[in-house]
Amino acid sequence: MDDRPPRRRPPYATRVWPPPTQDPPSPDPQARPAAMEHAPPVAEGPAPEDALPPSARRYGTPTPPPPPRIPRPLARALVVLAVLVVGGGLVAGLVAFGLGRLRDSAEPPPRVVDALAGVSFALPPGWRAGRVAPVTAFTSVVNHENAIVMARPDEGVRASGVRQAAAELGEFYSRLLLHADKVTVVEDRGVTVGGRAAHVRSLRAEYRDVVNAPSYLRVMVIEGERSGTVVVGMAQPDEPRLRGEIAAVMTAMR
C-alpha cells in the first residue's frame, strides 16, 4: 500500500497552452526569414503572356504590315525611264565630245605675228612663243622641246640674191652657234614663203667628244625690196622628228 500523500493538481483555469516561453528577441528589420531564403524569386511585373490578349496568346504576337509594293506596270515604267535618262546623258556627252573635236579641228592653229621681221608663225601642237630670243637682233622666237625657230628683219635682198645670202648666213651662224668639229650641208634649195622667193640652207654639226650630240641648223632668207627676213632654226640632238617640225614652222610662215 502506497503511503505517499496524494498529489494535488492545479486547477484547469490556470493552465495555458502552449506553455509560456521566454520573450523572443526583437526582430531585425533587415533579417530575412529562413523560409524566404530558399523561396524562388517572384517576378515584379506580370508575366509576358499575362500582358497579351487572348488572341495573341494563341496565335502569337502580331507582326507589322509589309511596306506597300509598287505595281508591276509602274515599276516597268520607272526602269524604262531610268534607262532613257542614262542613255540620253551618254548620247549628249558623246555629241558634246564630238562637237568639241570638230571645233578644235576647225580652228586654225595660233599664230605669232612679227611685224618687224614681216612674217607670222603658225604654231604646231606643242610649240609656244617666247618673249625674248636668245640671240641678239632676232625679234621673235618659238620653241618646242629641244628645237627653236627665230626670225629677224634684214636689209633688202632680191630674189636673185637669196641663195648667196643663205650660204653666207649659214656659215656665219654655224661658227657663232654650233662650234662644231665637222659641218655638213644637208639641204640647199629654193622655196616660196607667202608668195615671196626664199632659200633654205641646212647644216649638220658633229663633235669629236662624246658629251655633245650632233646639232642641226636651218637658215632661210626671204626676199624683200626694202627689208628682207632671216629665219634660223636649231635643234640638238639632231633628230628627224625635230627637223620636220622646224621645217613645218618655216613653211607655214606668211
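What follows is calculated from the coordinates using simple rules that are stated; it is not laboratory data. Keep in mind the model is a prediction, meaning the values are calculated, not measured. Glycine gets a Cβ as well: all are built from the backbone with ideal geometry, and neighbour counts include every protein chain shown.
Numerical summary
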{"item": "239, 168 arranged by Cβ crowding within 10 Å, fewest neighbours leading", "result": "168, 239"}
{"item": "Cα-Cα separations in segment 111-251 greater than 27 Å, expressed as whole percent", "result": "14"}
{"item": "Global geometry of segment 154-235, whether rounded, prolate or oblate, following the gyration tensor of its Cα atoms and the 1.5 cut on a/c", "result": "prolate"}
{"item": "Per-residue HN-Hα couplings for segment 215-228 [Karplus 6.51, -1.76, 1.60; θ = phi - 60°; Hz; x = Gly/Pro]", "result": "10, 10, 10, 10, 10, 10, 10, 10, 5, x, 5, 8, 8, x"}
{"item": "Using θ = phi - 60° and Karplus 6.51 cos²θ - 1.76 cosθ + 1.60, couplings along segment 154-159 (whole Hz; Gly, Pro as x)", "result": "9, 5, x, 9, 8, 4"}
